[in-house]
Amino acid sequence: MSRSIGVTTAEHIAAGVVEGNQVVGKLRLLQEDSETDALHGMPSAGIAQTIADQILAVAAGDKVDAIGIGLPGIIRDGLVEESPNLRQLKGANMRELVSAALNQAGWNAPVHVYNDADVVAAGLAATRGQLDRLIRVWTLGHGIGFGIYPWHEGIWEGGHMAVSLDPREKYCGCGGRGHLEGIMGHRAMRLRFLDLEPEEIFENAQRGDARCVEFVKLWHAALAAGTANSIHLAGPGKFYISGFNARHLDVNLLNQYVSEMVKMSPLQGYVFEIVPASTEIAVIGAAVNALRAHQ
Ligand SMILES: [Zn+2]
């Protein structure tokens, strides 16, 4: 059976050996706060070495067929073109850096690097028997991630789709106007409501506070718009929703808005499902994507 290693860097660096779409043995987590903070100040070569160390440790001497790594940002051909959360990675070829660190230890397994939302989409497909179809996932966290499976060439920065033409919509972390992340992102919500935390916005809306009620409608309509745009480009299908702010989502309201935006009959048949964020799912997805690249 094919054996691969998946790595995610989303919450913390985690690595696992994957066989048959499952993690074999234990996930290896590097989650101490000091380590995570250290990552932010670390040059790209240091991050690559840290990832390589985790790969070698979790492999425990057994070789694998492929290695997949999920990183935040726009990743093309192993190169990190943009990475707002780990800025020092911009311009780094992480595939080459991790491969070089592994070569030093006598390893030559092929390394693949993916966007961290794409590995979540692949992990959900792999663990739910859906490797034969199109899977998309929205991750609602500090930013808004958009993952797609099966992996294919492209940018797929769905969180930065323009969903509003209102010039006052300027809260996106990238600086672009009218972006989905500028409405739904945790950071953007804090900028918009300087007097309220995002949790309080949703609580106040429950109690009928007019300003918060209006915003919560906008929040759902924005996700509906992003989803409707994706449906009009790639068709209907399954949309998973994950990330720590997914708990605020009212799927009925989301469905109502999407149904107002998607009217063509061949485009019906989209389904939403909220799933908890899982490190294991991301590790499996990274490993499965890497293996599939060699089939
Ligand atoms: Zn943006």
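The values are calculated or read from the model by the stated rules, or taken from the named source; none is laboratory data. If you're wondering where the values come from, they're calculated on a predicted model, not measured in any experiment. Neighbour counts run over all protein chains shown; Cβ positions are idealised from the backbone, glycine included. The protein model used for the area step is the full one, side chains on, heavy atoms only, and it has no ligands, DNA or RNA in it. Shrake-Rupley method; radii C 1.70, N 1.55, O 1.52, S 1.80 Å.
With respect to (1) within 11 Å of the ligand (Cβ to nearest atom); (2) closer than 14 Å to Val120 by Cβ; (3) open to solvent by less than 20 Å² (accessible area, probe 1.4 Å), the lone exception for Gly143 is condition (3). Condition check for Gly173 on (1) touching a Lys or Arg at 6+ places or on another chain (Cβ under 8 Å); (2) away from the ligand (no atom under 11 Å from the Cβ); (3) not basic (Lys, Arg): one failure, at (2).
Considering only the range 194-228, state which residues are among the polar types (S, T, N, Q), open to solvent by less than 60 Å² (accessible area, probe 1.4 Å) and either outside any helix (DSSP H, G or I) or under 19 Å from Leu254 (Cβ atoms) (or both). Let's see the steps before the verdict.
Start the filter on the range 194-228 by keeping residues that are among the polar types (S, T, N, Q), which leaves 204, 206, 227.
Next cut, open to solvent by less than 60 Å² (accessible area, probe 1.4 Å) only: 204, 227.
Listed by number, the list holds a single entry, Thr227.
For the range 229-248, the set of residues classified as farther than 19 Å from Pro266 by Cβ and either basic (Lys, Arg) or buried (at least 20 other Cβ atoms within 10 Å of the Cβ) (or both) consists of Tyr240, Ile241, Ser242, Gly243, Asn245, Arg247, listed by residue number.
Step by step: first the residues of the range 152-179, then only those that are touching a residue at least 60 places away in the same chain (Cβ under 8 Å), in contact with a Gly (Cβ under 9 Å, 6 or more places away or on another chain) and of a type in the set (A, V, I, L, M, F, W, C), then the one that is farthest from His142 (Cα to Cα). Which residue is that? Only one residue fits best here, namely Val163.
Among the residues of the range 149-170, count how many are more than 9 Å from the ligand (Cβ to nearest atom) and crowded, with 19+ Cβ neighbours inside 10 Å.
Step one: filter the range 149-170 for residues more than 9 Å from the ligand (Cβ to nearest atom), giving 149-156, 158, 163-170.
Okay, now just the ones that are also crowded, with 19+ Cβ neighbours inside 10 Å, so 149, 151, 156, 158, 163, 169.
So the answer is 6.
Look at (1) of a type in the set (S, T, N, Q); (2) open to solvent by less than 20 Å² (accessible area, probe 1.4 Å); (3) away from the ligand (no atom under 15 Å from the Cβ) and you find that Asn108 fails only one, number (2). The residue that is nearest to the ligand (Cβ to nearest atom), counting only those in the range 116-138 that are farther than 16 Å from Ile284 by Cβ and in contact (Cβ under 8 Å) with a residue 12 or more places away in the chain, is Trp138. Listed by position, the strands (runs of 3 or more DSSP E) enclosed by the range 21-125 that each have at least 1 residues that are modelled with pLDDT of 90 or more and among the hydroxyl-bearing types (Ser, Thr, Tyr) are 111-115. Cβ-Cβ below 6 Å, separation at least six or inter-chain, first residue in the range 1-12 and over 10 Å from Pro72 (Cα atoms), second open to solvent by less than 50 Å² (accessible area, probe 1.4 Å) and of a type in the set (Ser, Thr, Tyr): which pairs? Here the result reads His12/Thr36, each pair linking the range 1-12 to a residue that is open to solvent by less than 50 Å² (accessible area, probe 1.4 Å) and of a type in the set (Ser, Thr, Tyr). Only a single criterion out of (1) of a type outside the set (A, V, I, L, M); (2) modelled with pLDDT of 95 or more; (3) more than 26 Å from His186 (Cβ to Cβ); (4) crowded, with 19+ Cβ neighbours inside 10 Å is not satisfied by Arg292, namely (2). The listed residues are Gly176, Gly154, Gly147, and the only one of them that is modelled with pLDDT of 95 or more and not in a strand (DSSP E or B) turns out to be Gly176.
State which residue is nearest to Ala188 (Cα to Cα) when the search covers only the range 133-144 and only residues that are assigned to a loop (DSSP other than H, G, I, E, B) and in contact with a Gly (Cβ under 6 Å, 6 or more places away or on another chain). Walk me through it before giving the result.
As a first pass, look at the range 133-144 and keep what is assigned to a loop (DSSP other than H, G, I, E, B): 133-134, 141-143.
Now restrict to residues that are in contact with a Gly (Cβ under 6 Å, 6 or more places away or on another chain): 134, 141, 143.
Values: Leu134: 29, Gly141: 10, Gly143: 8 Å.
Here the residue is Gly143.
Taken together, Leu79, Leu89 contain a single residue that is farther than 18 Å from Ala287 by Cβ, of a type outside the set (Val, Ile, Thr) and crowded, with 18+ Cβ neighbours inside 10 Å, which is Leu89.
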